[in-house]
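S.K.: Have a look at this one.
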Amino acid sequence: MIRLGVNVPNFGPGADYDALLGWARFAEDNGFDTLVVSDHVVLTPEVADIYPEPFHDPFVLLAWLAGQTSTVKLGTSVVLLPYRHPLHTARMSAMLHLMSGGRFVLGVGAGWAASEFAALGADHARRGPVTDEYLEIITEAWAKERVSGPAYENVRTGPRPQGGSVPVWVGGPSRRAIRRAVRSGTAWHPINPDLGWLRDTGLPALRREAAEQGRAVPELVVRMKARLQAEPADDSRPAGVGTLDQVAGDVRALAELGAAEVILDPNPDSPRPRDFGVEQRQLREIKTALGG
């Protein structure tokens with residue numbers, strides 16, 4: 001059976017600490033393999049239109065949840081690498097991996113909100129190259145006792161992860177993101193991809209890139225919507241939206257495409273009020289329909 005994870009809402013008026021702890025216990029008690037949370041640092045109006053406040057920091061939140069759980073993997077989907085110094089990200093992720101007993105997965109992306117980049121003094125136009133550069137610095141800092149770079153020499157960042165690495169899921173559908181996934185990722189982590197595009201364009205590009213680099217093809221870990229409705233959705237629906245049969249069929253289709261894990265995401269993509277109880281019930285229904 002394909003592994004299943006859940007994207008936990010670490011933002012919005014209902015996402016208080018009791019609710020977040022409830023989500024973690026829900027994921028673990030119901031046998032989900034992975035619990036992931038999202039990342040934003042500055043809630044500009046552009047960001048808050050989709051992700052309302054409060055927005056809880058993923059590293060701090062997952063460190064807390066690591067002490068409240070014992071089996072579920074804990075991950076980010078995705079940390080926006082250009083927002084933080086890479087040595088700081090290397091340090092936090094290595095410590096979280098150690099503190100959780102090896103259960104942390106660093107999902108990474110380049111970001112999108114130009115206003116958030118401006119607020120943080122980051123370069124939106126260069127977010128792709130910066131993400132590549134930062135990911136290389138992070139993985140080197142995990143692997144070596146001391147590292148050097150343009151502005152630092154022979155430095156340590158803190159405890160290194162066991163084995164010298166942390167699993168990395170690389171998000172993004174672009175050619176650069178696919179190249180990044182092959183070069184530095186444990187898995188490619190596209191978010192809400194069209195299944196036809198994934199089959200006919202995304203996965204062939206991933207395999208071509210792996211062949212060109214002379215590397216193994218990384219695992220496929222997809223995050224898709226998880227929104228059940230009573231009536232069947234039409235052919236224009238995104239994957240994960242529709243009846244239970246339609247959504248379960250989407251997960252099976254991803255398994256046939258070779259996905260190792262699917263992260264189910266109940267986020268409505270709008271700041272409307274959410275009913276976490278309903279969302280959790282639907283996630284259980286999907287998991288049960290898939291034999292879990």
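S.K.: Students often get this wrong: which residues of the stretch 193-208 have the backbone nitrogen under 16 Å from the point 7 angstrom along Cα-to-C-beta of W112?
M.R.: Within reach of a label on W112, which here means backbone N under 16 Å from a point 7 Å along Cα→Cβ, the stretch 193-208 contributes 193-195.
S.K.: Work out the length of the dipole vector of the chain about its Cα centre, built from +1 on the beta-carbon of each Lys and Arg and -1 on the beta-carbon of each Asp and Glu, and round it to the nearest 20 debye.
M.R.: Working: 31 positive and 35 negative charges, 183 e Å.
Dipole size: approximately 880 debye.
S.K.: At 7 Å along the Cα-to-beta-carbon direction for both Y152 and E136, put a label point, then send me their distance in nm to one decimal.
M.R.: 1.7 nm
S.K.: Based on the Cβ-Cβ distance from D16 to S270, what FRET efficiency comes out when R0 is 22 Å, to the nearest 0.05? Could the numbers behind the result be given before it?
M.R.: Numbers: r = 20 Å, r/R0 = 0.90.
The calculated FRET efficiency here is 0.65.
S.K.: What is the Cα coordinate range of the stretch 107-160 on the first, second and third principal axes, sorted by size from largest, in whole angstrom?
M.R.: 36, 24, 18
S.K.: Here's another thing I want to ask about it. Sorted from fewest to most neighbouring beta carbons within 10 Å, what does the list H97, H88, H189 look like? Each step should come with its number before you reach the end.
M.R.: Values: H97 25, H88 14, H189 30.
Least to most surrounded, the residues fall as H88, H97, H189.
S.K.: Given labels modelled 7 Å from the Cα in the Cβ direction, how far is it in nm from H85 to Q162?
M.R.: 2.9 nm
S.K.: Shape call for the stretch 97-209 from the C-alpha gyration tensor, a ≥ b ≥ c root eigenvalues: rounded (a/c under 1.5), prolate (a/b greater than b/c) or oblate?
M.R.: oblate
S.K.: Name the residues of the stretch 73-112 whose amide N is less than 14 Å from a point 7 angstrom out from the Cα of N192 along the C-beta direction?
M.R.: Counting backbone N atoms under 14 Å from the label point, the list is 78, 112.
S.K.: Between R199 and A48, what FRET efficiency comes out of the Förster formula 1/(1 + (r/R0)^6) with R0 = 35 Å and r the beta carbon distance, rounded to 0.05? Before the final figure, lay out each step's value.
M.R.: Values: r = 35 Å, r/R0 = 1.00.
Taking R0 as 35 Å, the efficiency between A48 and R199 is 0.50.
S.K.: For the stretch 185-232, count the residues as N, evaluate 2.2 N^0.38 Å, and divide the Cα radius of gyration by that value, please. Kindly include the intermediate steps, with their values, before the conclusion.
M.R.: Details: Rg = 13.7 Å, N = 48, 2.2 N^0.38 = 9.6 Å.
That ratio works out to 1.43.
S.K.: What is the order of S236, S77, fewest Cβ neighbours within 10 Å to most?
M.R.: Fewest-to-most ranking of S236, S77: S236, S77.
S.K.: Obtain the nm distance between the two label points defined at R176 and A143 by a simple spin-label model: each point lies 7 Å from its Cα along the Cα-to-C-beta direction.
M.R.: Once both label points are built, they end up 2.2 nm from each other.
S.K.: If you wrap a convex hull around the alpha carbons of the stretch 29-104, what volume per residue comes out, as a whole number of Å³? Mind dumping the intermediate values first?
M.R.: Working: hull volume 7.4 nm³, N = 76.
In the stretch 29-104, the Cα hull volume divided by residue count equals 97 Å³.
S.K.: What order do you get for T186, T34 when you list them from fewest to most C-beta neighbours inside 10 Å?
M.R.: On the way: T186 19, T34 23.
In increasing order of surrounding Cβ atoms, one gets T186, T34.
S.K.: In addition: Once the Cα gyration tensor of the chain is diagonalised, what are the square roots of 5 times its eigenvalues, in whole Å and ordered largest first, as equivalent ellipsoid semi-axes?
M.R.: 29, 22, 19
S.K.: Same structure again: Please give the charge dipole size of the stretch 216-262, origin at the Cα centre, charges +1 on K and R Cβ atoms and -1 on D and E Cβ atoms. Round to the nearest 20 debye. Provide the component values of the computation, followed by the final result.
M.R.: Values: 5 positive and 8 negative charges, 36 e Å.
Charge dipole of the stretch 216-262: 180 debye, to the nearest 20.
S.K.: Let me ask something additional. Residue farthest toward the positive end of the dipole of the stretch 94-218, with Cβ of Lys/Arg at +1 and Asp/Glu at -1: which of G111, I191, L203?
M.R.: L203
S.K.: Placing +1 at every Lys and Arg Cβ and -1 at every Asp and Glu Cβ, with all other atoms neutral, what dipole size does the stretch 1-119 have around its Cα centre, in debye to the nearest 20? Write down the numbers at each step before the final one.
M.R.: Working: 6 positive and 11 negative charges, 108 e Å.
The dipole magnitude comes to about 520 debye.
S.K.: Would you mind checking the tilt of helix 17-29 against the longest principal axis of the Cα atoms of the chain, expressed as 0 to 90 degrees and rounded to 10?
M.R.: The two axes meet at around 80 degrees.
S.K.: Assuming R0 = 25 Å, what is the FRET efficiency of V217 and A289, from their Cβ-Cβ distance, to the nearest 0.05?
M.R.: Numbers: r = 29 Å, r/R0 = 1.16.
Here the calculated transfer efficiency is 0.30.
Quick note: the coordinates plus some simple rules give every number you see, no bench work behind them. Quick caveat, the model's predicted, so the values are computed rather than measured. For neighbour counting, all protein chains shown are included, and Cβ atoms are generated from backbone atoms with ideal geometry for every residue, glycine included.
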